[in-house]
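A quick write-up on the structure given underneath.
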Amino acid sequence: MVHLPSFAQNVRVAAAANLQSVIDVLQKDFKKKTGISIEPVVGSSGKLVAQISNGAPFDVFLSADMSFPETLYKGGFAAKQPVVYASGSLIICSSQNIGFENWERLLLTARIKKIAIANPAIAPYGKATEEVLKYKGILDEVKFKTVYGESISQVNTYITTGVVDVGFTTQSLVKDAGSKTDLYYKVIAPKYYKPILQGMVLLKHGVNNPGAERFYQYILSPAAKSIFASYGYRIQ
Amino acid sequence: MDLSPIWLTLKLAGVTTALLFIVGVPFAWWLSGGRSFFKIIVEAIITMPLVLPPSVLGFYLLLAFSPQHGLGKWLHDSFDVQLVFSFPGLVLASVIYSMPFMIGPVKSALQQLPAVLAEASYTLGKSRWQTFKSVLLPNIKPSLLTAIVLSFAHTLGEFGVVLMIGGNIPGVTRVASIAVYDAVEKMDYASANNYSLILFSITFVMVIAVFVFNKYQAKSPLG
């Protein structure tokens, strides 16, 4: 009889688009600590939720907000109630050094032709951006300059390729892409938008996968929290 | 329901098809005559959108249209034109994307016409252009219609390229296929279904119309 070494099962993680860069670091750190491999699938939270509710075989879901994991929990797709693992930080960002001291005024000038934001109807960072623009009283005035990314990743593409003059995105972009392209940015003060609480759920599919539970615990551990913090996320 | 994505899609398909007809038919005529290595290369390039993933086309157009460098910068600096995230940009992308559907059928039809047809016309003293317009084109009507309908329908079905260079702006670049995608993401399946049903009906009627017309044409003495 052949004795097979018992490899731990891989863990499939559905991760919100804003986690694009940080998930790689988490994946490596988790692998180093536990030997368990993660297969991350990154996409907009809305799309991932639609896939999960239609039977996609994911074990853990890291959302960009709380309402999507809540929906999954209520729909019976999650094993536990959602928990907050980080909160997002919104920045205004550009591939050109245009100076952000007085950015709300700058957005109104002819110098800025296109502004990228994530689709507010489906992306939490887009919703936060609208709140900021509304608070500053310029939402309607900049509407004609606004282009909508289907997720925060597309906004990042628009910023880094320079097809837009500025964009509103996650702070984790500058940590990752900042090493490859010059990016200029300013952190938007958190008082201007409702906190972007990002929630996680262990999915029904992951209940019988011990690796899934370990990854779930890992994300809430100090090690993961310090990685999130280094990418600009706020940690309770 | 917001019908603007449907109107925008029809407008995009209409403008694209009209431009393709004006540019594509003479181009197909040029391609149909004689063989040279140069023509093969040109035809290969025109046919590429048929097999290339739309994301490849979208990615290159995004780079080409970027006001930061190259073509996009030149257009921006010289004419203050920005193609990315604009309706004209979508038209240009659609013209490239649907080009094979206009050129293909017209070119093959012209090649299959008996050579005597054009020769007789030249013998009677007609110019090349007159021959093309009044002798050749009327003889390939079914193929012209097929080319027009396919170009139109293919533009209606455009998604990947628009997703990459459109920016989802209501009334400007949010075409019906994007509206469906958007509605699905929002889990608003009722709207997704409405848009999808409209697209389905339009394309179905168009394809049926081509089949019926071509069947009728086949019975004509020239067929």
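Reported count of residues in region B:165-223, each being at pLDDT below 85 and of a type in the set (S, T, N, Q), is 3. Considering only residues in region A:1-27 that are hydrophobic (A, V, I, L, M, F, W, C) and assigned to a loop (DSSP other than H, G, I, E, B), the one that is modelled with the highest pLDDT turns out to be A:Ala8.
The rows are residues; the columns are (1) within 14 Å of the chain's Cα centre (by Cα); (2) charged (D, E, K, R); (3) modelled with pLDDT under 95; (4) assigned by TED's automatic domain parsing to the domain that holds A:Leu48.
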{"site": "A:Glu130", "(1), (2), (3), (4)": "no, yes, no, no"}
{"site": "A:Asp140", "(1), (2), (3), (4)": "no, yes, no, no"}
{"site": "A:Tyr158", "(1), (2), (3), (4)": "no, no, yes, no"}
{"site": "A:Tyr192", "(1), (2), (3), (4)": "no, no, no, no"}
{"site": "A:His205", "(1), (2), (3), (4)": "no, no, yes, yes"}
{"site": "A:Tyr216", "(1), (2), (3), (4)": "no, no, no, yes"}
{"site": "A:Ala223", "(1), (2), (3), (4)": "no, no, no, yes"}
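Give the number of residues within region B:6-19 that are surrounded by 15 or more Cβ atoms within 10 Å (Cβ to Cβ) and either within 12 Å of the chain's Cα centre (by Cα) or at pLDDT below 95 (or both). Total satisfying the criteria: 6.
Quick check: anything in region B:20-38 closer than 25 Å to B:Ile169 by Cβ, more than 17 Å from the chain's Cα centre (by Cα) and more than 14 Å from every other protein chain (Cβ to nearest Cβ)?
Here is the first cut: in region B:20-38, the residues closer than 25 Å to B:Ile169 by Cβ are B:20.
Narrowing the set further to residues that are more than 17 Å from the chain's Cα centre (by Cα) leaves none.
There is no residue in region B:20-38 that is closer than 25 Å to B:Ile169 by Cβ, more than 17 Å from the chain's Cα centre (by Cα) and more than 14 Å from every other protein chain (Cβ to nearest Cβ).
Scan region A:130-189 for residues that are in contact with an Asp or Glu (Cβ under 7 Å, 6 or more places away or on another chain) and of a type in the set (Val, Ile, Thr) and the total you get is 1. A:Tyr184 meets the conditions (1) surrounded by 23 or more Cβ atoms within 10 Å (Cβ to Cβ); (2) among the aromatic types (Phe, Trp, Tyr); (3) touching a strand residue (DSSP E or B) at 6+ places or on another chain (Cβ under 6 Å) in every case but one. The failed one is (1).
Cβ separations smaller than 7 Å between residues 6+ apart or across chains give the following pairs from region B:183-194 residues that are within 10 Å of chain A (Cβ to nearest Cβ) to residues that are surrounded by fewer than 17 Cβ atoms within 10 Å (Cβ to Cβ): B:Lys186/A:Ala121.
Condition test on B:Gly171, is it outside any helix (DSSP H, G or I), exposed (fewer than 14 other Cβ atoms within 10 Å of the Cβ) and away from chain A (no Cβ under 14 Å)? Quick ask: steps written out before the conclusion?
Details: outside any helix (DSSP H, G or I): yes; exposed (fewer than 14 other Cβ atoms within 10 Å of the Cβ): yes; away from chain A (no Cβ under 14 Å): no.
Spelling it out, it is not the case that B:Gly171 is outside any helix (DSSP H, G or I), exposed (fewer than 14 other Cβ atoms within 10 Å of the Cβ) and away from chain A (no Cβ under 14 Å).
Against the condition out of contact with any strand residue (DSSP E or B) (no Cβ under 9 Å at 6 or more places or on another chain), of a type outside the set (D, E, K, R) and either crowded, with 23+ Cβ neighbours inside 10 Å or outside the structural domain of A:Val163 (by TED's automatic domain parsing) (or both), how does A:Asn102 come out, does it pass? Spelling it out, it is not the case that A:Asn102 is out of contact with any strand residue (DSSP E or B) (no Cβ under 9 Å at 6 or more places or on another chain), of a type outside the set (D, E, K, R) and either crowded, with 23+ Cβ neighbours inside 10 Å or outside the structural domain of A:Val163 (by TED's automatic domain parsing) (or both).
The values are calculated or read from the model by the stated rules, or taken from the named source; none is laboratory data. Everything numeric in this text was worked out from a predicted model, so none of it was measured. Neighbour counts run over all protein chains shown; Cβ positions are idealised from the backbone, glycine included.
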